[in-house]
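Each reported figure results from applying straightforward, stated rules to the coordinates on display, with no laboratory input. Quick caveat, the model's predicted, so the values are computed rather than measured. Neighbour counts run over all protein chains shown; Cβ positions are idealised from the backbone, glycine included.
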Amino acid sequence: MKTAIILGSSRSNGNTNAFARQVEKRIGADFFDLADYQIAPFDYHNSYEDDFAGLIAQLLRYKQLIFASPVYWYAASAQMKVFLDRLTDLLNFHKDEGRQLRGKRVGLLATGIKPIAPNCFEQMFKLTFEYLGMEYKGMGYCCTRDTFELTTHGATVNGFVDSIGY
Ligand SMILES: Cc1cc2nc3c(=O)[nH]c(=O)nc-3n(C[C@H](O)[C@H](O)[C@H](O)COP(=O)(O)O)c2cc1C
C-alpha cells in the first residue's frame, strides 16, 4: 500500500522527523515535509497563492496518510494546524477532492517530553479524521526528553508499524 508521511515541525531535523524517518524506512513510505511548502492559513475568501493545492493533489494519490507532529503546548505544531485547517478547502471549494479523503487510512506520529501524549492532542486529530471520513489507525508516541534514539524508541516504531497496514 502506498503511504505518505506528512511532517509538520518547527525543525526538519528534530525528534519528530527522526521518528517519522524510521517509520518511512520500515514501510517504504514517501515523505513530505511541510517546511518545503508555502501554505497560507485558511482564508474564508479562498484567495491563495501558495503550494497547498499542488501538495494535496499529490497526497490524494496515496491510500494511507501518516501525520507527524510534535506536541507543542498540548496541541499540534502550528505548521500541522495550518495544514489541517486548509483541508477545509476540500469541503467548501474542492468537494471532489474532499470526497477522495473518505475511506483513506490515516495514522499519527508524535513526540513530546511528557511520558504520554495528552488526550486532547490525539483527540483533535482523531475527531478531524473521523469528520473527514478517514479510517484512523492510531497514534505512535515517543517520549523524547532528550533526542530520539532507536535504542530507546525502537519498540514504539515497531509497535506503530505493526499496527498500521503497509
Ligand atoms: C513550543 C514548544 C512547546 C512544547 N510543548 C510541549 C507540551 O505541551 N508537551 C510535551 O510533552 N512536550 C512539549 N514540548 C517538547 C516537544 O514536544 C519535544 O521536544 C519534541 O520532541 C520536539 O519535536 P521536534 O524536534 O520535531 O520539534 C514543546 C516544545 C516546544 C518547542
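One table, with the values for the structure above:
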quantity: Some residue of region 40-59 being aliphatic (A, V, I, L, M), under 27 Å from G154 (Cα atoms) and touching a helix residue (DSSP H, G or I) at 6+ places or on another chain (Cβ under 9 Å); calculated: no
quantity: In region 1-28, residue farthest from the ligand (Cβ to nearest atom) [restricted to those that are surrounded by 19 or more Cβ atoms within 10 Å (Cβ to Cβ), of a type in the set (S, T, Y) and under 29 Å from H94 (Cα atoms)]; calculated: T3
quantity: Near pairs, Cβ below 6 angstrom, 6+ apart or cross-chain, from region 60-74 (away from the ligand (no atom under 15 Å from the Cβ)) to any residue that is assigned to a strand (DSSP E or B) and small (G, A, S); calculated: Y62/A4; L65/A4
quantity: Region 111-134 residues that are under 21 Å from Q64 (Cβ atoms), paired with ones that are loosely packed, with under 11 Cβ neighbours inside 10 Å (beta carbon under 6 Å, 6 or more apart); calculated: G133/R102
quantity: Selection within region 1-34 - among the small types (G, A, S) and either part of a loop (DSSP other than H, G, I, E, B) or under 19 Å from F125 (Cα atoms) (or both); calculated: A4, G8, S9, S10, S12, G14, A20, G28, A29
quantity: Residues (of a type in the set (G, A, S), more than 15 Å from the ligand (Cβ to nearest atom) and touching a Lys or Arg at 6+ places or on another chain (Cβ under 9 Å)) located in region 29-59; calculated: A29, A40
quantity: Some residue of region 35-53 being part of a strand (DSSP E or B) and of a type outside the set (A, V, I, L, M); calculated: no
quantity: Subset of region 122-156 that is of a type in the set (A, V, I, L, M) and exposed (fewer than 14 other Cβ atoms within 10 Å of the Cβ) - its residue that is nearest to the ligand (Cβ to nearest atom); calculated: L150
